[in-house]
Amino acid sequence: MNAPTMLDTLPPASPLAAYHHALEYDGFHADAAQLHAVEQLEACYQALHRQPYKATQGVYLWGPVGRGKTWLMDSFYNSLRIPARRQHFHHFMQWVHQRLFQLTGTAEPLRALARELAKEVRVLCFDELFVNDIGDAIVLGGLMQTMLEEGMVLVATSNQPPDQLYAGGFNRDRLLPAIAAIEHYMQVVAVDGEQDHRLHPGIPLQRYWISHPGQPSVLREVFAQLVGNQPTATTPIELGHRPVHVLGHGNRVLWCRYADLCQQPLAALDFIALCDQYRHVLLSDVPRLGGQQREGRIARGTEDGVEQVVAGDRELPMLAPEDDSVRRFIALVDECYDRRVPLYLEAEVPMEELYLEGYLAFPFRRTLSRLQEMQQARYGQG
């Protein structure tokens, strides 16, 4: 084995050093909001390494899409020399629900889980903290508070300030302890500069096409280029014990229709498995998404009968007819983006017209920004 060089033994750069390096050598654009955020991350980094087990305030980065929040958090995480974990938030919540099921019968399972995490890591980094599920809200309300009370340091990114998380959600009061804990134990920093850094010029690499009736799919040639001379097949693949029809797969490349991947009951765990297996995903026949929202309805338990009662009534979201498949599409884009798996799309409308109106307009802004970034050569498997 070769002796380590001086570069091998150097500690990772601090968040502030990494940011200045990116400005000087990687073509980053100076941004006052980013600089303020990285200064807070630097303070957290220095405190953790100066006195690793002293109470340290975490950092909550929030702001519009494309402001560099994920990059800032990742540079912080990569610089750490103490036990840490970095996860997409919905991955973490899936693990939490599974672990809580395994802890059935344990006294105070949330505290047991928080202590288990605290023994494993000192710092927990969440990307894309977003709550839209009552089950997550109920669990997170107690878990977040308990983790922070146990001394864990959290660093998170989100498109929303803490007091807007799960706004208008059913039983939102169950999440309030988590919001209070975030505001008490974390430095809340707005990363809201005017620039969308994903849109800065780079070397373009087209991964989005508009289909034309009667003409062959351009993805056929893309698929052939990606698989090369390796064998391919059109047999169905299996996701979540469910067969999924494909147009082709081989050499870690998958080509599907939108309907086959997004219009059947697949879950986020299935898209995790998909990105475990494939390095490139091609999606044909993507329709115009969204549409006019239906009128909201009142949901009641069967015991409520025909009368509206305060205890049992809640207003269901005003979803467009195809919004269930759009949720899956959003989850697919999120997973591909987080795993650096390029997504190639052929749709009936331009990218900016994919989802113009509907209940999911807010989360789809992030999806659109991520699809736009995928049109750059700099995006890819890392």
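Couple of notes before you dig in:
- Surrounding net charge for Thr234, when Lys and Arg each add one and Asp and Glu each subtract one, Cβ distance under 15 Å: 0
- Protein heavy-atom accessible surface, 1.4 Å probe, per residue over the range 81-134: 49 Å².
- Note on the chain: with neighbouring protein chains present and a 1.4 Å probe, carbon and sulfur make up 52 percent of its accessible heavy-atom surface.
- Stokes-Einstein, applied to the Kirkwood radius of the chain over Cα pairs at a viscosity of 1.567 mPa s and 4 °C, places its translational diffusion at 56 µm² s⁻¹.
- Reducing the range 13-35 and the range 69-144 to their Cα centroids gives an inter-centroid distance of 28 Å.
- Calculated FRET efficiency for the pair Thr232/Ala43, C-beta based, R₀ 51 Å, to 0.05: 0.45
- Counting 0.36 nm for each residue step from Glu24 to Glu352 and taking away their Cα separation leaves a gain of 114.8 nm.
- For Tyr344, the amide hydrogen comes within under 5 Å of the amide hydrogens of Val281, Leu282, Leu283, counting only partners 5 or more places away or on other chains and with H modelled in the peptide plane.
- Here is the list for the range 124-163: GluC sites (Glu not before Pro) lying in DSSP coil, each with at most 16 other C-beta atoms within 10 angstrom of its C-beta, are Glu150.
The values are calculated or read from the model by the stated rules, or taken from the named source; none is laboratory data. All values derive from a computational prediction rather than experimental measurement. So basically every Cβ, Gly included, is an ideal-geometry build from the backbone, and we count neighbours across all protein chains shown. For accessibility, only protein heavy atoms count, side chains too; no ligands or nucleic acids. Shrake-Rupley method; radii C 1.70, N 1.55, O 1.52, S 1.80 Å.
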